[in-house]
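Worksheet: one structure, shown below.
The values are calculated or read from the model by the stated rules, or taken from the named source; none is laboratory data. Predicted model only: the values in this text are computed from it and were never measured. Using ideal geometry, Cβ is built from the backbone for each residue, glycine included, and neighbour counts are taken over all protein chains shown. We work out accessible area using only protein heavy atoms, side chains counted, and drop any ligands, DNA or RNA first. Shrake-Rupley method; radii C 1.70, N 1.55, O 1.52, S 1.80 Å.
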Amino acid sequence: MGDRFTKVIGISDLDVKDTGELIDDLRESSKGVVSIQGVCADAVYGIDHILQALQITVESEKRKITLVGRLEMDLLLRISCTDQITMALRDVGLRNHAHGCLILFSKGRKELLKISRRICDMRLDQDDSVLEPSKTKKELICKRLGIEFNEQLSNDVDFLSFLSERAALLTK
């Protein structure tokens, strides 16, 4: 994606002591070279949802109009379609004993691969199928955003476009 290398890892039934600590440890081991964000799998409507939000975050960084200073947090806000960090963490943040995903992005391919291997060594239940779009996810996202699920949003392409537009419209 542009000058960034990206990896998305789906995880079924995350079982760690502390999700925040997991992400902080991964960030620390990359020495800040790899940006890492964890998200509840039910909050994302497929890989394309993540990639579109990431594309908006990267473009916002180029234009110096990110919502917050850290790109990982900007991405979380755009995936959740809110400018409130507390709400984003509560509603779409990575949760223990639930499906989730780790989103890694970096300008350095070597560093990204190194962190990816470290995640593989952690023996997490990696399962990309938890990221696939579904009607249930669509309904959950609509409910979280306070919008009524309707015929115009029933098409996957239209729904993804809607989410992307909502993410792009967020400003400081």
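Structure summary
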item	result
Crossing angle, helix 135-145 versus the chain [Cα axis fit, 0-90 degrees, rounded to tens]	80 degrees
For the chain: rounded, prolate or oblate by the Cα gyration tensor [a/c cutoff 1.5]	oblate
Max mean-square fluctuation residue, GNM over the chain, Cα-Cα springs under 10 Å, options ASP18, ASP48, ASP91	ASP18
Sparse-neighbour loop sites [GluC sites (Glu not before Pro); region 96-172; at most 14 other C-beta within 10 Å; DSSP]	GLU148
Shape of region 63-134, Cα gyration tensor, a/c cut at 1.5	oblate
Percent carbon-and-sulfur accessible area, region 86-153, ignoring ligands, DNA and RNA, probe 1.4 Å	48 percent
Between region 34-54 and region 117-135, the Cα center-to-center distance that results, in Å	12 Å
Helix axis angle, 47-63 relative to the chain longest principal axis, alpha carbon, degrees	80 degrees
On Cα atoms only, tilt of 19-29 relative to the major axis of the chain in degrees	50 degrees
Surface accessible to a 1.4 Å probe, per residue, for the residues of the chain, Å²	54 Å²
Pairs of lysines in the chain (C-alpha under 25 Å apart; 8 or more residues apart or interchain)	24
Low-density loop cleavage sites - trypsin sites (Lys or Arg not before Pro) in region 1-52, where at most 14 other Cβ are within 10 Å (DSSP)	LYS17, LYS31
Fluctuation leader among VAL130, VAL157, VAL44 - the chain, Gaussian network, Cα springs under 10 angstrom	VAL157
